[in-house]
Each structure stands twice: as C-alpha cells, then as structure tokens.
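To start, the structure under review is shown below, and the notes come after it.
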Amino acid sequence: MSSNSSPYWRISEAERLGFLVDGDAWFPAFADMLLSARRQAIILCWDVDSRVQMYRPCDAKAAPCCLADIIEEALSRNPELEIYLLPWDYAMVYVFEREWRPLFNGGLRSKKRLSVHFDDQHPLGASVHQKLLVVDDYHALVGGFDPSKWRFDDREHRPDNPLRLDPTGNPYPPFHDVAFYVRGDIGRDLGALARSRWAHATGESLAAPDPSEAALDFWPKRVAVAVDDVRIGIARTYPQYGQQEAVQEILSVLLAMIARATRFIYIENQYFTSHRIGQALASRLQEPNGPEVVLILPREKDGWLERVTMDVLRTRLLQQLKAADRYGRLGVFYPEVAGLAPEMVSLHSKLVIIDDLEINLGSANTSNRSMGFDSELNLSLLGDTPSSRSAIAAMRHDLLAEHLGQTPQAVAKLEEQNGSLLKTIAHFNSQAQRRWLAPLNPTVDPELDRQVPDSALIDPEKARPAAELIDLLIEKKARPSLRRRLIWFVLLLLTMFGGAALVSFTGLGEVAGQYAEVKQGAAHYVALGTMGIAALLLLLGLPVTVMIIVLVLLAGGWPGFGLAYGALMFAALGGYLLGLRLTQCQLASLARHHLDAVTARLARPGVLAFIALRLLPLAPFSIVNLVAGANRVPLRDFLLGSLLGALPAMFAITVFSEQLLVVMEKPVWHNWMVLIGITFLLAGGALLLAWWVRHQESRRG
C-alpha cells in the first residue's frame with residue numbers, strides 16, 4: 001500500500017516484526033533466512049566477506065558456519081533457489097580492508113544459481129550503501145549490518161570476547177548495530193526494490209517469486225517477536241545518475257519526525273554531520289517547550305582519515321547544537337565499557353526514535369551523503385496503534401538498558417517517574433560500574449579546523465561532476481605560483497649547465513668516453529646494468545630529471561634517452577608492484593603530503609589520467625607509482641600512460657642536453673642561438689601541452 005501524501009516511497013503491512021540488536025542476533029538470522037529460502041534470495045550490501053562466520057560458536061559438524069558454506073548449503077537444499085548478491089563495487093581506499101573478490105573462490109563460482117555482481121552504477125565518489133536481504137518476497141532483513149568482518153558482537157561488548165574475531169583470527173573492538181526483521185506483504189515491496197537495484201546495476205530483469213511458496217511459518221531462532229500486524233514506511237536515498245532520478249525520502253522522513261516530536265528525540269548513529277538534520281534539531285532546542293534531544297555517537301571514528309575529516313565536521317555541528325541549547329535539553333553521549341579503553345565501542349547503528357510515535361532505522365547515517373549522495377534504505381515502524389507504540393517504547397528502553405548496564409524494566413520505570421531521558425541517563429550514570437553513557441565533548445585543534453574543508457567535499461549532499469570534485473580536492477592554492485615555477489626552471493637550467501661543464505672541462509668527459517667504449521663491447525650487459533642501477537635509484541627517490549640528465553650526459557644524447565626511458569619504465573613497474581603490497585597506513589606514512597592529490601587525479605579512469613599525471617606531476621615519480629599500485633589502477637592504463645606521459649619531458653631534456661654539450665665544446669654564437677631557440681621552444685611547448693591536458697581533462701569531466 002502506498003500513500004501519496006506521505007514522505008515514504010511506500011507504506012506496507014508487516015504481519016510480524018522483530019528488533020535485532022547486535023551481531024549475535026543478526027548474523028544467525030541472516031544465515032537462517034538463506035537456508036529457509038525456496039525460490040529467490042537477493043542480498044544488497046555495502047561489503048561482504050565469504051569467510052565470515054555466521055554462527056558463533058561454530059559447530060561445523062552440526063551446520064555450516066561461514067557465509068560461503070551457508071550459501072552452498074542453501075543452494076544444495078533447495079534445487080529451485082536462486083541467490084543474487086549485489087555488493088558495492090567499492091572505492092579503492094577500502095581495498096586493504098576487504099576480501100579480494102569474495103565468493104569467487106573455491107567451488108562457489110561453479111554454482112549456476114548464484115549470481116554475483118559488484119554494483120558500480122553510481123556517481124564518482126558515491127557508494128551503494130543499502131543493506132537488505134529479502135527472501136521469496138515474504139521475509140526481509142533491513143538495518144545497518146553487512147555480511148562482512150568486524151560486524152559481529154554480543155550485547156555485553158566485553159573487551160575480551162573470544163568470539164569477536166575476523167576471518168583471519170584477529171580480534172577487533174566491540175561493535176553495536178540494529179536491524180528490523182519483517183515478514184508479510186512488505187516483502188513484496190522490498191523484493192521489488194531489490195530487483196530494481198539489480199536491473200539498474202546489471203541491465204538484467206529478475207522475475208518476482210510467488211510469496212505463497214515461501215516458508216510461511218519460518219521465524220529466525222534468535223529473534224524475539226516485537227509486535228504483530230503493523231504498518232511500515234519504506235524510505236530511500238538515490239543520487240541522480242543516468243536514468244535514475246534523485247530521491248531524498250529518508251531526509252524528508254527524518255525532518256518530519258523531528259518536527260513531530262513532543263517529548264524525546266533519540267538518535268544513535270555512526271556519523272552526525274548532516275547540516276539539514278542539525279538545523280532541524282537546533283530549531284527544536286530553541287523552543288521553550290520542545291523535546292529533549294539525546295544523541296548516542298561513537299567517541300571518535302576508527303580510522304585516522306575519518307578522525308581528521310568527518311570528526312571535524314561532527315564537532316562543528318555539535319558546537320552549533322550546544323549554542324542553540326538554550327533550555328538544557330541536549331545530551332550527547334558515547335557508550336563506554338569498563339576496562340575497554342583505549343579502545344571503544346564501534347557504534348554503527350543508524351536509528352532515530354521520536355516519543356512512542358515512530359522508530360526509523362536502516363543503512364542511512366545522519367550525514368549529508370546519506371541524505372542525498374549514497375544509495376540508502378530505511379524502514380519506519382509507525383506508532384499508529386497501541387501495540388506499535390508500546391513496541392517503540394520497549395525498543396528505546398532496550399537500547400538505553402544495554403548502554404547503561406541496566407534492565408529494560410528499570411529504565412522504563414525511572415523514565416516513567418521523571419519523564420526525562422536525560423535525567424534517566426544521569427541517574428544510572430551516577431551508579432555506573434560496568435557500562436555507562438559518557439558525555440561527549442569533542443574539540444578540534446584550530447589549525448586542523450582551518451585546514452579541513454567544508455562538507456561539500458568531505459561529506460557531499462549531491463553528486464558533482466568529476467572535474468569539479470577533483471578541483472575541490474586539489475586546492476588551487478596548493479598549485480605552485482608562477483614565481484616558484486620560474487625559480488625551479490632556472491635551477492634546472494643551472495643543473496644542466498653545471499653537468500655539461502663537468503663533462504666538458506673535467507675528467508668526467510674521459511669517463512663518459514670510456515663508458516661508451518665499454519658499452520660498445522658488451523652492449524646488452526652494460527645497458528641492462530645501467531638501467532637497473534638507475535631504476536633502483538629512482539625507486540629510492542632520485543628525481544627523474546636528475547637521472548635523465550646524468551644518463552644523457554654520460555652516454556650521449558639518444559643512447560642516454562634510451563637508457564633513461566628503460567630505467568623509468570622498470571622503476572615505474574617496480575613501484576607499482578610494491579604499492580600492491582602496501583597497507584593504507586604504510587602508504588599514508590610514505591605519501592602523506594601527496595596522497596590525496598594523487599588519489600584524486602586517479603579518480604579519473606583511463607590512460608589519459610596517467611598521461612596527465614606524468615605531464616603535470618603532483619607528486620614525486622616514486623610516490624605516484626606506489627599510490628597507483630595501492631589503488632589498483634589497471635596495469636594497462638598505468639604502463640601505457642607512463643610510457644606516453646614520460647616521452648615529452650625526456651625528449652625535451654635530451655634535445656636540450658645534447659645541444660648544451662655542443663655549446664660547451666664549441667661556444668660560438670650560432671650554437672648559442674640554437675640553444676636559446678630550443679629553450680624557448682621547449683618552454684612554450686611545455687606550457688601549451690599543460691594547457692591542452694587540463695583542457696582535455698575538463699572536457700572529460
């Protein structure tokens with residue numbers, strides 16, 4: 001059923017709903033659903049790992065445990081079942097955190113009824129972030145979880161949980177998330193949404209299964225029934241892309257919820273950077289009799305990059321909210337567990353509750369990108385009956401009880417007595433021994449705050465053309481000034497004059513002559529040895545220009561050109577292969593001053609991107625190679641772009657160096673005129689070439 005007057009895509013009926021908190025409920029429910037599927041199962045996710053254990057502790061003799069084995073078992077049990085897996089074709093910044101092409105290993109790929117496609121149908125910089133498993137158009141699981149590593153935990157969030165291990169056996173910090181399990185008519189709507197996403201990503205239309213053939217009585221073993229016969233609102237976010245129109249239903253739903261609240265606005269979220277959500281909350285805080293606003297957020301983000309970007313944006317927004325809190329109705333907290341520090345609970349949930357009127361949860365963060373740039377899916381349990389309102393209140397009490405180390409009954413009783421979430425939290429915090437909600441008072445270093453750009457770049461609300469995105473990322477102020485370029489050009493000329501003078505007027509000339517004689521006698525060995533030594537020096541950071549000058553002056557014009565060109569390609573390939581093995585931390589340590597600029601340039605695929613990067617270098621030669629390898633740039637594009645992009649500069653240096661040697665040997669006026677003419681031609685050609693490359697890039701967008 002749909003409603004044209006509501007902000008939802010559709011409003012559907014669910015005959016039963018369960019509320020899942022944390023991974024020890026979600027992972028086995030996901031596996032149970034797959035094993036019960038009869039006709040069709042569609043998985044939409046941001047990440048997936050075929051090795052992740054779905055049942056913990058694992059009893060392999062009783063049932064398969066890891067995702068790959070569960071999928072294989074489901075297909076074996078049900079000969080008519082077809083499974084469709086649609087993960088995001090992730091950005092390369094995540095490449096070291098993910099399994100390389102999951103479910104493509106072992107015998108799974110031979111399963112004809114398993115279809116896997118990585119969804120790349122989205123704007124540059126966006127992600128496909130919907131999290132949904134829908135089975136036979138009757139059962140569905142929606143929330144913030146993915147079937148991936150680093151998601152499992154139980155509700156105790158103990159520092160030493162022996163079951164909280166990734167597929168390689170390494171422990172990770174506690175993790176908190178939430179989801180809805182629904183069954184009934186809503187399955188048809190969610191099935192239609194999933195098939196639409198599959199068609200958008202692959203061009204393939206899937207037939208809808210008959211829900212009457214589903215396992216009608218199935219219910220996951222570890223999921224408690226929260227409420228029966230309820231209405232569920234379905235809301236989405238889609239960016240404009242190709243034939244896909246922009247959709248911002250989740251933003252509309254959340255703004256409407258904030259406006260309707262009378263007593264409480266309770267938010268748990270991984271991120272808090274949406275300026276639209278922030279403005280709406282600030283307006284309610286400024287009202288004399290507005291609702292309390294309780295924000296449960298992570299203490300800080302897990303990775304260094306997010307801490308110096310998204311956490312800065314979050315701090316700015318929280319400072320605005322605190323300034324608007326005239327009546328003391330704002331509480332900002334993070335979950336704390338005794339003995340856990342310096343680690344923290346990785347709070348990943350995406351949930352908003354208002355009074356007992358509505359609970360909205362799913363994949364969408366309270367960030368700008370989740371409101372308009374990424375693909376998202378949220379469900380709302382609507383409190384339009386006494387039973388649904390009672391269920392919403394119970395969910396809020398359940399969540400607070402977990403964070404405060406209390407029982408839901410104790411939280412409900414105290415909240416009823418004082419009528420305040422903030423007073424309830426303060427009371428239990430004062431008695432806390434093992435679990436509590438610590439006040440979050442984030443600050444940011446003024447210098448870091450000055451350097452971090454606004455949310456238009458880090459947390460965009462809409463898609464941007466590639467050229468505009470890269471122009472934002474590579475700040476114009478970072479480009480060297482004309483004066484600086486002239487200084488470098490003069491230094492280059494002086495270096496070349498100095499090298500030519502050394503060859504012409506010192507013993508180096510005799511060394512060069514002896515080198516040429518040796519080269520003629522053992523051409524292959526000498527050439528390979530020279531290129532190998534030069535390539536090693538380039539890998540260690542020797543500037544390319546210096547290497548070219550040395551080889552041209554040592555071996556002569558065109559022989560030196562050939563040696564330099566070979567060394568350059570050997571070094572490029574070596575750096576690329578080394579980059580394949582670097583972790584993000586290692587890469588950031590080596591390339592911290594150049595990483596963002598080079599990665600942004602590599603956001604444009606194809607050979608032209610690398611030609612441009614070689615012609616207009618944003619970073620040292622060795623750094624570019626490492627970043628290209630770490631970002632898994634296609635090897636063909638890398639090598640061909642490097643071959644073509646290096647030619648103009650090498651040709652120019654070779655021609656200039658050879659004429660310079662002529663001048664040194666015979667410093668007559670016409671040789672000087674030729675050298676000056678070559679200098680002006682090469683400088684003008686370089687400027688023209690740089691303009692042409694930027695023009696071509698802007699046209700490609």
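The values are calculated or read from the model by the stated rules, or taken from the named source; none is laboratory data. Since this is a predicted model, take the numbers as computed values, not measurements. Every residue, glycine among them, receives a Cβ derived from its backbone with ideal geometry; neighbour counts consider all protein chains shown.
Listed values, structure above:
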| quantity | calculated |
| --- | --- |
| Failed condition for residue 233, given (1) closer than 20 Å to residue 35 by Cβ; (2) touching a Lys or Arg at 6+ places or on another chain (Cβ under 9 Å) | (1) |
| So residue 49, is it acidic (Asp, Glu), assigned to a loop (DSSP other than H, G, I, E, B) and at pLDDT below 95 | yes |
| Failed item in (1) touching a strand residue (DSSP E or B) at 6+ places or on another chain (Cβ under 7 Å); (2) buried (at least 18 other Cβ atoms within 10 Å of the Cβ); (3) not acidic (Asp, Glu), with residue 322 passing the rest | (2) |
| Residues being of a type outside the set (Ser, Thr, Tyr) and over 23 Å from residue 335 (Cβ atoms) - total across the stretch 259-284 | 8 |
| Criterion (surrounded by 19 or more Cβ atoms within 10 Å (Cβ to Cβ), out of contact with any strand residue (DSSP E or B) (no Cβ under 7 Å at 6 or more places or on another chain), farther than 15 Å from residue 354 by Cβ and of a type in the set (Gly, Ala, Ser)) met by exactly one of 410, 432, 401 | 401 |
| Scope the stretch 323-339; condition closer than 20 Å to residue 21 by Cα and aliphatic (A, V, I, L, M); matching residues | 337 |
| Residue in the stretch 89-105 that is modelled with pLDDT of 90 or more, assigned by TED's automatic domain parsing to the domain that holds residue 25 and within 28 Å of residue 213 (Cβ to Cβ) present | no |
| Residue in the stretch 29-46 that is in contact with a Cys (Cβ under 8 Å, 6 or more places away or on another chain), within 18 Å of residue 150 (Cβ to Cβ) and part of a loop (DSSP other than H, G, I, E, B) present | no |
| Within the stretch 193-204, tally of residues that are free of Cβ contacts under 8 Å to residues at least 40 places away in the same chain and part of a helix (DSSP H, G or I) | 2 |
| Hits in the stretch 245-285 - residues which are assigned to a loop (DSSP other than H, G, I, E, B) and within 24 Å of residue 438 (Cα to Cα) | 263, 270, 271, 273, 274 |
| Verdict on residue 299 being of a type in the set (Lys, Arg), in a helix (DSSP H, G or I) and modelled with pLDDT under 95 | no |
| Yes/no for residue 226 being small (Gly, Ala, Ser), in contact (Cβ under 8 Å) with a residue 60 or more places away in the chain and assigned to a strand (DSSP E or B) | yes |
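Okay, residues lined up against (1) in contact (Cβ under 8 Å) with a residue 40 or more places away in the chain; (2) among the aliphatic types (A, V, I, L, M); (3) out of contact with any strand residue (DSSP E or B) (no Cβ under 6 Å at 6 or more places or on another chain):
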position: 256; (1), (2), (3): yes, yes, yes
position: 275; (1), (2), (3): yes, no, yes
position: 278; (1), (2), (3): yes, no, yes
position: 282; (1), (2), (3): yes, yes, yes
position: 288; (1), (2), (3): no, no, yes
position: 291; (1), (2), (3): yes, no, no
position: 294; (1), (2), (3): yes, yes, no
position: 298; (1), (2), (3): yes, no, no
